[in-house]
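> Sharing a structure below in structure tokens format, with a few things to ask.
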Amino acid sequence: MQLNLIITGVGGQGNVLASQVLGHAAVHKGLFVTIGETFGLSQRGGPVLSHIRLSDTALPGPIIPPNAAHMVVGLEPLEPVRILQEFGNEDTVFIVNSRPIHPLNVIAGDAKYPDDRWLKNTLECFGKKLYWLDATELAISLGGAIMLNMIMLGALSEMDGFPISKSDIKDVIRTIFPESKLEMNHKALDLGSKLVQNA
Amino acid sequence: MKKIFQKNGNINLLLQGNEAIARGALEGDVSFCSGYPGNPSSEIIETLADAASHLPIYTEWSINEKVAVEAAAAASFAGLRSIVCMKQCGLNVASDFLVNLTLSGTKGGMVLVTCDDPSGISSTNEEDARVFADLADTPLLEPSTPQEALEMTKWAFDLSEKINNIVLLRSVSHLSHTRSVVRIGELPENEKKARFDTRNPFHTFPVIAKHNIRHEKLKTAETIFESSSWNPYQGPEEPELLIMACGSAWCYVLEAVEIAGLTGRIGILKLGTTWPLPKKIVRETLRKCDRILFAEEVDPFIETAIKAYAADLGEEAGGKTFMGKASGHIPSTGELNPSIFLNLFEILFGLDLINKTYREKVGEHLDGVIFPREFGFCPGCPHRGSYYAIKQALAWDNRDGFISGDIGCYTMGIWPTGFNQVKSVHAMGSGLGIASGYGKLAQFGFDQPVVTVCGDSTFYHAGLPGLINAKFNKSDILLLVLDNSATAMTGFQPHPGTGSTATGEDTEPVDLEALLRSLNIGVDVADPYETEASAQKIYALLQKKGPRVLIMKRKCALVQGKQGGFPYQMSVNHDVCLGESCGCGRYCTRIFRCPGLIWDKENMKATIDQVVCVGCGMCADICPRGAIEKTGKRN
């Protein structure tokens, strides 16, 4: 088994924490795991990209080879499109939050953010399956946009062939989140998995 | 206590490369840890600072990298093991001490970690700090994985004590910021006592003799390298291609060879000890094959050394074809990845390895649609206010003035959220040095006003000498210290002005204003949020001569956010905002460019993104119609 997963988004969306949770879960399961992170000026509006690589035979390198991503989680809808040419392929499964985060050049009118339909079509057309989720709204209803990453992990855990289950994730967050935050995060995971079951 | 600090070994943990280096130092019985923050190195000292509350070690953020190495050297001279960590630019700062330290030698094991940043993902440059190993005659280790980073760091202390000299360990972004499963070892428990043996001084004299000793030490290191396990060869006895690889590049090579199905045709020599070259191993491996490819990041460091060694070998290594950065087979700049090697194998072995049809189709579809995300200041960032005020003042002054910039978040003044006012950026503190030069150009007809900006952390690091130079030489310099009470860019590490140390201990903060006043130069303070008043102060200062300082004092917005947030609820009064017909050309969103201000496409007017806006209130002063309103925040 080797699985290449990309989690992509922008600074502040909880990308690094989500990858760490998966990484710890993988270690608990005895899997080989490598997570390559790129987060240059992420806190200042830049993209954050995690390559999460799981294997049961050998330790993978930190960068996914060309067009070899099995699954892509987009915390923001433009970012998965950005990595499509380099890492996507006809069999890639995309789990994408529909809510855009407009960069400054879009707000200022210097660049045009592609519309929803184009983003959806692009990912549908160049992959095997797209789960297009209104996850930010759900996160806000749960208590804040910061819950987004757990909703997306819940969705990811339902994917065929993904070796980490929702209960594996719950076991990890029990060790890193304070007691008071557990219920909310568990709820986010459960809602995330329901989102894709219904999709 | 976190698991990374536990005494027992033999468990698997998920560790970041930098955490693995920190654990390696602890397993290597380190006592003294120092460094200066800078991505991708910062987490090593952060981890060791955290460790200092559980284990008997000392950790500090030093004022700059040179002082960090000097402080760590003291521990070594007194017989303790020490580690000092920095990014590639930091080693430039430390190098003056380093090239002398390697003449005097060290006592307690001493390791210097440099984290290089191929592609300059979070740096002002792309630089290969390995050249300092050659320059200063220090052994150099290059781990490829977090596991190896841990083991090599630990091993480096022993090596350092065997040769009585400092050892360099080089990481890169994609090792420092890679997490993987790491098997940790046990922490030692040795009683330690620091003592300087006054019979054995540490200095560089007599220089030639010490230089010879330094070369002997390097030879000893070479022998140790040759019998170490850090340089394994894998592949057939007579490969069609031999790849010599180090660091993260080795991971990419290994994977590309497997994907291409070339494991039976390509041999890989993994070099973990890259300076001095383990010549015996290189020589034996060179015999296997006449086609050699070098895989390493940033400069052709092992490539150049091995080619030079092959020349020494004469006929024995004659007729070899060397491929790498010099021949153009490997890009001479930028981070490497598996794709680069797969593309090369396609050419060298006539294979079809990349899904070109897919890539072309996607490329055509995305052409012209995808754009990079613009970097910019956070909502509520005081730097936006400072640059707005400077821009205003320079416009009033009307002599084509500009800003000499420096290193920190405010480097982004070269881009639109700083109104493109910053016209030069180089190294820590350089903005002041350059400005002190402009300040002496009047006799050559130079009549443009120059403002130099410097953050508080950068000012302590390397800014002070430039300012004193200006005072000494009576240079016309206007310095704006952008004092946000934080080392914000690298993750809020404490510095001399913040009032706490790396380990969170209270310490009396340096009084920046008093320090500047002691130079007997004009010092004033302004609030970046008061853009109009600040602009007037800056304008008035521009009309004066000699060294002048204005402290733009306001805490980093992220710090303010954590400390209880901002006082205002912002809104745009759509009865007052005229939208496109105003004539301002969407001044607030297009020019002021705070991410909290957005354009309401339905009403064609400006509006506030209440999720993003923090309520700093700055934008209320910039709308020509006064349509942006601030009211007290509802609780």
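> For the B and A pair, go ahead and give the buried accessible area with a 1.4 Å probe, both sides summed, in Å² to 100.
4900
> List the pair-distance distribution P(r) of chain B, using every Cα-Cα distance, as the percent of pairs falling in each 10 Å bin from 0 up to the bin containing the longest distance, rounded to whole percents.
3, 14, 21, 22, 19, 13, 6, 1, 0
> At 7 Å along the Cα-to-beta-carbon direction for both A:Lys112 and B:Lys555, put a label point, then send me their distance in nm to one decimal.
4.4
> For chain B, what does the helix formula give at 222 nm: sum of -39500 (n - 2.57) over DSSP H segments with n ≥ 4, over the residue count, nearest 500 deg cm²/dmol?
Mean residue ellipticity at 222 nm (helix-derived): -10000 deg cm²/dmol.
> Compute the angle between helix B:146-163 and the longest alpha-carbon principal axis of chain B, please, reported from 0 to 90 degrees and rounded to the nearest 10.
For B:146-163 against chain B, the angle is about 70 degrees.
> Now, a different point. Quick one: grab the alpha carbon gyration tensor of the range B:382-562, order the square roots of its eigenvalues as a ≥ b ≥ c, and give me rounded if a/c is under 1.5, else prolate or oblate depending on whether a/b is larger than b/c.
The shape class here is prolate.
> In debye to the nearest 20, how big a dipole does the range B:233-357 give about its Cα centre with +1 on each Lys and Arg Cβ and -1 on each Asp and Glu Cβ?
Using Cβ point charges on Lys, Arg, Asp and Glu, the range B:233-357 gives about 180 debye.
> Okay, moving on. Against the longest principal axis of chain B, how steep is helix B:17-27, in degrees 0 to 90 to the nearest 10, with axes from Cα atoms?
60
> How many nm separate the modelled label positions at B:Phe202 and B:Glu360, each set 7 Å beyond the Cα in the direction of the Cβ?
Inter-label distance under the simple model: 6.2 nm.
> Using a simple spin-label model with points 7 Å from Cα along the Cα→Cβ vector, what separation in nm is obtained for B:Glu191 and B:Leu441?
6.4
> Continuing with this model, one more query. Arrange the peptides B:52-61, B:136-145, B:355-364 so that the one whose residues have, on average, the most other Cβ atoms within 10 Å appears first.
B:136-145, B:52-61, B:355-364
> State the extension gain, in nm to one decimal, for the chain segment bounded by B:Asn398 and B:Lys562, taking 0.36 nm per residue of separation less the distance between their alpha-carbons.
Full-extension gain reported as 55.1 nm.
> Oh, and also: Any lysines with Cα under 27 Å of the B:Lys562 Cα? List them, leaving off those in the same chain fewer than 8 positions away.
Of all the lysines, those that pass the test against B:Lys562 - Cα under 27 Å, at least 8 places apart if same chain - are A:Lys181, A:Lys187, B:Lys2, B:Lys553, B:Lys630, B:Lys633.
> Considering only protein heavy atoms, what per residue accessible area in square angstrom results for the range B:3-226 with a 1.4 angstrom probe?
Ligands and nucleic acids excluded, the figure is 34 Å² per residue.
> Continuing with this model, one more query. Over all distinct alpha-carbon pairs, what is the Kirkwood Rh of the range B:568-632 in angstrom?
Over the range B:568-632, the inverse of the mean reciprocal pair distance is 11.5 Å.
> State the extension gain, in nm to one decimal, for the chain segment bounded by B:Glu580 and B:Asn420, taking 0.36 nm per residue of separation less the distance between their alpha-carbons.
Once the chain is fully extended between B:Glu580 and B:Asn420, it gains 55.2 nm.
> Using a 1.4 Å probe on the heavy atoms of the protein chains only, list every residue of the range B:343-359 that has 40 Å² or more less accessible area in the complete assembly than in its chain alone.
B:Asn355, B:Tyr358, B:Arg359
> Along the charge dipole of chain B, Cβ charges K/R +1 and D/E -1, which of B:Asn337, B:Ala74, B:Leu169 sits furthest on the positive end?
So the residue furthest toward the plus end is B:Ala74.
> Positive end of the dipole of the protein assembly as shown, charges at C-beta (+1 Lys, Arg; -1 Asp, Glu), about the Cα centre: which of B:Gly120, B:Ala49, B:Pro624 has its Cα farthest in that direction?
Of the options given, the answer is B:Pro624.
> Follow-up. Against the longest alpha carbon principal axis of chain B, how many degrees, from 0 to 90 and to the nearest 10, is the axis of helix B:42-51 turned?
The helix B:42-51 is inclined about 80 degrees to chain B.
> Please report the spacing between the Cα centers of the range B:530-576 and the range B:161-237 in Å, no decimals.
49
> I want to make sure I understand the PRE zone here: with the label point 7 angstrom from the Cα of B:Met604 toward its beta carbon, which residues in the range B:553-577 have backbone N atoms less than 20 Å away?
Of the residues in the range B:553-577, B:572-577 have backbone N under 20 Å from the label point off B:Met604.
> For the protein assembly as shown, place one equal point scatterer on every Cα, skip the solvent, and apply the Debye formula. What is log10 of I(q)/I(0) at q = 0.05, 0.06, 0.10 Å⁻¹?
-0.29, -0.42, -1.20
> Right, something else. With an 8 Å Cα cut-off and a minimum separation of 6 or more residues, compute the relative contact order for chain B in percent.
11
> If you don't mind, another one. For the range B:499-599, which GluC sites (Glu not before Pro) pass both filters: DSSP loop (anything but H, G, I, E, B) and at most 12 other C-beta atoms within 10 Å?
B:Glu505
> Specify whether the C-alpha gyration tensor of the range B:260-319 places it in the rounded, prolate or oblate class, a ≥ b ≥ c being the square roots of the eigenvalues: rounded for a/c under 1.5, otherwise prolate if a/b is larger than b/c and oblate if not.
Since a/c reaches 1.5 but b/c is at least a/b, the shape of the range B:260-319 is classed as oblate.
> Which lysines have a Cα lying under 24 Å from the Cα of B:Lys107, excluding residues fewer than 8 positions away in the same chain?
Straight-line reach from B:Lys107, under 24 Å: B:Lys66, B:Lys154, B:Lys162, B:Lys192, B:Lys193, B:Lys210, B:Lys217, B:Lys219.
> Pull up all non-local amide H partners of B:Leu480: gap of 5 or more, or a different chain, and H-to-H distance under 5 Å with H placed in the peptide plane.
Close amide H contacts, sequence-distant or interchain: B:Thr452, B:Val453, B:Cys454, B:Leu550.
> Also, quick follow-up: Pull up all non-local amide H partners of B:Asn420: gap of 5 or more, or a different chain, and H-to-H distance under 5 Å with H placed in the peptide plane.
HN-HN under 5 Å from B:Asn420: B:Trp415.
> For the range B:233-357, what class follows from the C-alpha gyration tensor (a ≥ b ≥ c being the square roots of its eigenvalues): rounded when a/c is under 1.5, otherwise prolate if a/b is larger than b/c, else oblate?
Because a/c hits 1.5 or more and a/b exceeds b/c, the range B:233-357 counts as prolate.
> Here's something else I'd like to know. Which of the listed residues, A:Asn97, A:Gly192, B:Phe196, is farthest toward the dipole's positive end in the protein assembly as shown, when Lys, Arg count +1 and Asp, Glu count -1 at the beta-carbon?
Towards the positive end, the residue furthest out is B:Phe196.
The values are calculated or read from the model by the stated rules, or taken from the named source; none is laboratory data. If you're wondering where the values come from, they're calculated on a predicted model, not measured in any experiment. FYI the Cβ positions are ideal-geometry reconstructions off the backbone, even for glycines, and counts take in every protein chain you see. Quick note on the areas: whole protein, heavy atoms, side chains included, nothing else; ligands and nucleic acids left out. Shrake-Rupley method; radii C 1.70, N 1.55, O 1.52, S 1.80 Å.
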